[in-house]
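K.L.:
I'd like to ask you about the structure that follows.
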């Protein structure tokens, strides 16, 4: 009897010792990290959309993030121009165009005059389609991203994947060492990639594409989620500030997408269904790639692009925008519920931000007694070239005005042995006569420019000596190049540069701050949470208030 008792006691002691050893090992030796990091960039989301529609949001989408997580209420973009390619790059690299090299959605290589698309790469081929939409890669990005550093920190055991309707929204966030990036091909209605990542689509992506979800969504037509009379935060349905889909006589609900998609599946981009479709792909990716279900932290970068397409067409005050954000709120609630079930509540970290904001439509502003006007870059370029030809007897010295910068044709300038300083002087003198322009900055002499320090800093940050122009143009507030309908963006002003930044989940404190933070602080904060090296070009700082002590 005593022998049996001793054996039982020994067994219990061994069990306790093993449990203690395991607990000690897990508690003391295992580095605490979330299972999955999810970055969500809502393309063209103004900061005030968090609160403009707050009363209409349900509890489990935007409100869940605001109430359970941490919100940085005064987050600003650190550079100009404020456009998609730069925004996605800066969020995930923690740096600016001067360092990461993405100087615009398109930029001009100064040495050759060649225009380069930010994610373009002729050395790769499309995977998943016969179109050229897959000739893309991150090779133009000069810095590492959070994803690259996470791969390095785990000896490349972590998985890093990017998803967006826009190629640049999928590719640039995840960087060079990513396992995959997937984007939407309008010609097929499916997700594609490039040979930079793989030679054929995974079977699960092929299966997902075979469902033809874009057609199923577009067959539903786009009507308002709620009674249209309840959309009191928006202008009336059918205003001169809104654009039209092909075949529409007026910009009114319901929008008969069921009649339109047979000609062009790309119209999915300009409907809220594009965001739903993207999050469908995100969930399917997590399921099939088993993200957040291994022994190391994984990362998923999701960009929701439809908000940008819809904003450009209808403007920031349209019912279409309000309805889009109410639907996105529901989609986010569903996505967070999925993450709770698949990864575990409190086991993942998510942040939500934007790549840029958007301005009010010019006519809308004028009709409401707010100052606003249009500015024609092409007209100014013609006039400058005319002045330069009169002075130097040479045509077309200004190659382009792109990204609010004057780009010179160095082949002509150097071929005719002209004094570049004199050419710049003629241009700046002319530009200073234009009433829509607030500041003209010769980028070779920016230290001498009489410009407010905050604006000067953003100009310096946005200037890449190999991919930017020679003269920076800063327009007056609410002056920009835009059509008669919809909206535009690219300026330093708060309507374009004040963005949401909300955090939730593992390692995140509950609260808010009104201290000014920056887009470039996002990557260092994620890096600090994960205890990994920040990206190699990072100039931002961790936001300490976000992280649990």
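Every read-out reported here was derived from the displayed coordinates using simple, explicitly stated rules and does not represent laboratory data. It should be emphasised that the depicted structure is a prediction, and the values quoted were computed from it without experimental measurement. All Cβ positions, glycine included, derive from the backbone under ideal geometry; neighbour counts span all protein chains shown.
K.L.:
Please work out whether segment 496-535 counts as rounded, prolate or oblate from its C-alpha gyration tensor, where a ≥ b ≥ c are the square roots of the eigenvalues and a/c under 1.5 means rounded, while otherwise a/b larger than b/c means prolate and anything else oblate? Show your work: numbers first, answer last.
P.N.:
Numbers: a/c = 2.36, a/b = 1.25, b/c = 1.88.
Oblate shape, in that a/c is at least 1.5 and b/c is the bigger or equal ratio.
K.L.:
Calculate for the chain the 222 nm mean residue ellipticity that helices alone would give, adding -39,500 (n - 2.57) per DSSP H run of length 4 or more and normalising by residue count, nearest 500 deg cm²/dmol.
P.N.:
Working: 20 runs with 192 residues, N = 549.
It lands at -10000 deg cm²/dmol.
K.L.:
Which order, highest average first, do 375-382, 286-293, 142-149 follow once you tally other Cβ atoms within 10 Å for each residue and take the mean per peptide?
P.N.:
On the way: 375-382: 14.6, 286-293: 18.0, 142-149: 26.4.
The densest-packed peptide leads the list: 142-149, 286-293, 375-382.
K.L.:
Oh, and also: Please give the peptides 401-409, 160-168 ranked by average Cβ packing (other Cβ atoms within 10 Å per residue), highest first, as a rough proxy for protection.
P.N.:
Values: 401-409: 22.8, 160-168: 27.0.
The packing order, highest mean first, is 160-168, 401-409.
K.L.:
So what is the diffusion coefficient of segment 76-210 in µm² per second by Stokes-Einstein at 4 °C and 1.567 mPa s, using a Kirkwood Rh over Cα pairs?
P.N.:
85
K.L.:
By per-residue mean of other Cβ atoms within 10 Å, what is the highest-first order of 84-94, 332-342?
P.N.:
Details: 84-94: 30.5, 332-342: 18.1.
Ranked from most to least packed, the peptides come out as 84-94, 332-342.
K.L.:
What is the log10 of I(q)/I(0) for the chain, computed with the Debye formula using one identical point scatterer on each Cα and no solvent, at q = 0.10, 0.11, 0.13 Å⁻¹?
P.N.:
-0.84, -1.00, -1.36
K.L.:
Another question about this same structure. Tell me, what is the percent relative contact order of segment 308-423, built from C-alpha pairs under 8 Å that lie six or more residues apart? Mind dumping the intermediate values first?
P.N.:
Working: 63 pairs, mean separation 15.3, N = 116.
In percent, rounded to a whole number, it is 13.
K.L.:
Okay, moving on. Kindly put 410, 51 in sequence by how many other C-beta atoms sit within 10 Å of each C-beta, fewest to most. Before the final figure, lay out the partial values.
P.N.:
Details: 410 16, 51 13.
Arranged by neighbour count, lowest to highest, 410, 51 become 51, 410.
K.L.:
Further, regarding this structure: Using a Förster radius of 45 Å, what is the FRET efficiency between residue 425 and residue 516 based on their Cβ-Cβ separation? Nearest 0.05, please.
P.N.:
Numbers: r = 36 Å, r/R0 = 0.81.
Once rounded, the FRET efficiency stands at 0.80.
K.L.:
Here's something else I'd like to know. Once fully extended, how much extra length lies between residue 157 and residue 244, figured as 0.36 nm per residue of separation less the alpha-carbon to alpha-carbon distance?
P.N.:
Details: separation 87, 0.36 × 87 = 31.32 nm, distance 4.75 nm.
That pair, residue 157 and residue 244, stretches by 26.6 nm at full extension.
K.L.:
Please compute the alpha carbon radius of gyration of segment 431-549, then divide it by the globular-protein estimate 2.2 N^0.38 Å. Two decimals is fine.
P.N.:
Details: Rg = 18.1 Å, N = 119, 2.2 N^0.38 = 13.5 Å.
Rounded to two decimals, the normalised Rg is 1.34.
K.L.:
Once you place label points 7 Å from the Cα toward the Cβ at residue 386 and residue 466, how far apart are they in nm?
P.N.:
For the pair residue 386/residue 466, the computed spacing is 3.8 nm.
K.L.:
Going by how many other beta carbons lie within 10 Å of each one, how would you line up 78, 48, fewest first? It would help to have the intermediate numbers written out before the result.
P.N.:
Details: 78 24, 48 15.
Ascending Cβ contact count within 10 Å gives the list 48, 78.
K.L.:
Right, here's the next one. If you split all Cα-Cα distances of segment 327-407 into 10 Å bins from zero, what percentages do you get per bin, shortest first?
P.N.:
13, 21, 17, 18, 17, 10, 5, 0
K.L.:
Under 1.5 on a/c is rounded, so check that first for segment 138-242, then, if it is not, pick prolate when a/b is larger than b/c and oblate when it is not; a ≥ b ≥ c are the square roots of the alpha carbon gyration tensor eigenvalues. Don't skip to the answer; put the middle values down first.
P.N.:
On the way: a/c = 2.81, a/b = 1.81, b/c = 1.55.
Verdict is prolate for segment 138-242.
K.L.:
Next up: Relative contact order for the chain using alpha-carbon pairs under 8 Å, separation at least 6, rounded to a whole percent?
P.N.:
Values: 1134 pairs, mean separation 156.7, N = 549.
It comes to 29 percent, rounded to a whole number.
K.L.:
May I pose another question? Work out how far the C-alpha atoms of segment 58-149 reach from end to end along every principal axis, then list the three figures in whole Å, largest first.
P.N.:
50, 34, 25
K.L.:
Please compute the alpha carbon radius of gyration of segment 351-452, then divide it by the globular-protein estimate 2.2 N^0.38 Å. Two decimals is fine. Mind dumping the intermediate values first?
P.N.:
Details: Rg = 17.0 Å, N = 102, 2.2 N^0.38 = 12.8 Å.
In units of the 2.2 N^0.38 Å rule of thumb, it is 1.33.
K.L.:
Something else now. Report, to the nearest 10°, how far helix 377-392 tilts away from the longest principal axis of the Cα atoms in the chain, using its own Cα long axis and a range of 0 to 90°.
P.N.:
50
K.L.:
Another one. Using Cβ contacts closer than 10 Å as the measure, can you line up 326, 141 from fewest to most?
P.N.:
Working: 326 21, 141 25.
In increasing order of surrounding Cβ atoms, one gets 326, 141.
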